[in-house]
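Undergrad: If you scroll down you'll find the structure; I have some questions about it.
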Amino acid sequence: MRVIAGAAKGHPLKRPKNPRTRATSNIVREAIFSMLESVAPDWSRVLDLYAGTGALGIEALSRGAQWADFVEQSPKCCAIIKENLEHTGLAERAKVYCSDAKKALSFLSGGYGIILLDPPYSDSSLAPILHKLTSSTLVTEETSIVAEHSRRLALQDRYGDFQMMRNLRHGDTCISVYQFSRG
């Protein structure tokens, strides 16, 4: 697994040996960022929830995001994210929070331009997190939310003021992109 594009292009990313941690494939990451490049107006702050290896947030930083916050509950994965940030030279533009996603939503502040969610496919908390997230101060009218999930998990077309604008399926993986849309 490597950074696909941008300033850190080609840098390998370390990942845990634990088979339960599913890293986003290069093909899916490329699809996510191709969509974001055409729809996301604000790349200033990125939030990578359920960060795992940090691959999504690191890719955003490499492609020009100014800052990224990473939230991951596994201490081993948090250490790997920090190593990956150091190795890619992006550590000074990021912070890693070793916390579960629900708790992180209660202490993080400010609006994010891009929010990336990639929970384990067996985790049923994605829909409740999307409900809580879209009614929080972490989103603005410029926020783009990307949820990576199993095709077996159907997400709603709308969470709060955020409408699903795009949905892409690649094998068992679905990518759902939400943006602000009143009414």
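Undergrad: Hey, among the residues in the range 45-76 that are among the charged types (D, E, K, R) and crowded, with 24+ Cβ neighbours inside 10 Å, which one's nearest to ASP123 (Cα to Cα)?
TA: Top of the filtered list is GLU72.
Undergrad: Same structure, new question: Anything in the range 159-183 that is over 16 Å from LEU49 (Cα atoms) and either out of contact with any strand residue (DSSP E or B) (no Cβ under 7 Å at 6 or more places or on another chain) or of a type in the set (Gly, Ala, Ser) (or both)? List them, or say none.
TA: Answer for the range 159-183, where residues must be over 16 Å from LEU49 (Cα atoms) and either out of contact with any strand residue (DSSP E or B) (no Cβ under 7 Å at 6 or more places or on another chain) or of a type in the set (Gly, Ala, Ser) (or both): GLY160, ARG169, HIS170, GLY171, SER181, ARG182, GLY183.
Undergrad: Tell me the residue from GLY64, GLY57 that is closer than 26 Å to SER181 by Cα and over 13 Å from the mean Cα position of the chain (by Cα), please.
TA: GLY64
Undergrad: Give the residues of the range 1-35 that are closer than 17 Å to ALA147 by Cα and in contact with a helix residue (DSSP H, G or I) (Cβ under 8 Å, 6 or more places away or on another chain), sorted by residue number.
TA: Passing the criteria: THR21, ALA23, THR24, ARG29, ILE32, PHE33.
Yes or no, residue by residue, for (1) modelled with pLDDT of 95 or more; (2) over 14 Å from the mean Cα position of the chain (by Cα); (3) among the acidic types (Asp, Glu); (4) within 23 Å of TYR178 (Cβ to Cβ):
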{"site": "VAL3", "(1), (2), (3), (4)": "no, yes, no, no"}
{"site": "PRO19", "(1), (2), (3), (4)": "no, yes, no, no"}
{"site": "ILE32", "(1), (2), (3), (4)": "no, no, no, yes"}
{"site": "PRO41", "(1), (2), (3), (4)": "no, yes, no, yes"}
{"site": "ALA68", "(1), (2), (3), (4)": "yes, no, no, yes"}
{"site": "GLU83", "(1), (2), (3), (4)": "yes, yes, yes, no"}
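Undergrad: I've got another one for you. Going through ILE129, ILE175 one at a time, which residue ends up being within 24 Å of ILE58 (Cβ to Cβ), assigned to a helix (DSSP H, G or I) and β-branched (Val, Ile, Thr)?
TA: ILE129
Undergrad: I would also like to ask the following. Note down all Cβ pairs under 7 Å where the first residue falls in the range 35-64 and is free of Cβ contacts under 8 Å to residues at least 12 places away in the same chain and more than 16 Å from HIS87 (Cβ to Cβ), the second is assigned to a helix (DSSP H, G or I) and of a type in the set (S, T, N, Q), and they're at least six residues apart or on different chains.
TA: So the pair list comes out empty.
Undergrad: Something else now. Return only the number of the condition from (1) farther than 23 Å from GLU30 by Cα; (2) free of Cβ contacts under 8 Å to residues at least 60 places away in the same chain; (3) not in a loop (DSSP other than H, G, I, E, B) that GLU141 does not satisfy.
TA: (3)
Undergrad: Would you be able to tell me the number of residues in the range 145-176 that are under 14 Å from LEU126 (Cβ atoms), among the hydrophobic types (A, V, I, L, M, F, W, C) and under 17 Å from the mean Cα position of the chain (by Cα)?
TA: 8
Undergrad: Looking at the range 78-86, is at least one residue surrounded by fewer than 19 Cβ atoms within 10 Å (Cβ to Cβ), over 15 Å from LEU117 (Cα atoms) and of a type in the set (Val, Ile, Thr)?
TA: No, every residue in the range 78-86 fails to be surrounded by fewer than 19 Cβ atoms within 10 Å (Cβ to Cβ), over 15 Å from LEU117 (Cα atoms) and of a type in the set (Val, Ile, Thr).
Undergrad: Further, regarding this structure: Is it the case, given these coordinates, that GLU148 is part of a strand (DSSP E or B) and in contact with a strand residue (DSSP E or B) (Cβ under 8 Å, 6 or more places away or on another chain)?
TA: It is true that GLU148 is part of a strand (DSSP E or B) and in contact with a strand residue (DSSP E or B) (Cβ under 8 Å, 6 or more places away or on another chain).
Undergrad: Oh, and also: Given the condition within 19 Å of ILE32 (Cα to Cα), touching a Gly at 6+ places or on another chain (Cβ under 9 Å) and modelled with pLDDT under 95, answer yes or no: does some residue in the range 105-117 qualify?
TA: Within the range 105-117, none of the residues are within 19 Å of ILE32 (Cα to Cα), touching a Gly at 6+ places or on another chain (Cβ under 9 Å) and modelled with pLDDT under 95.
The values are calculated or read from the model by the stated rules, or taken from the named source; none is laboratory data. All values derive from a computational prediction rather than experimental measurement. Note that we place each Cβ from the backbone using ideal geometry, even for glycine, and neighbour counts take in every protein chain shown.
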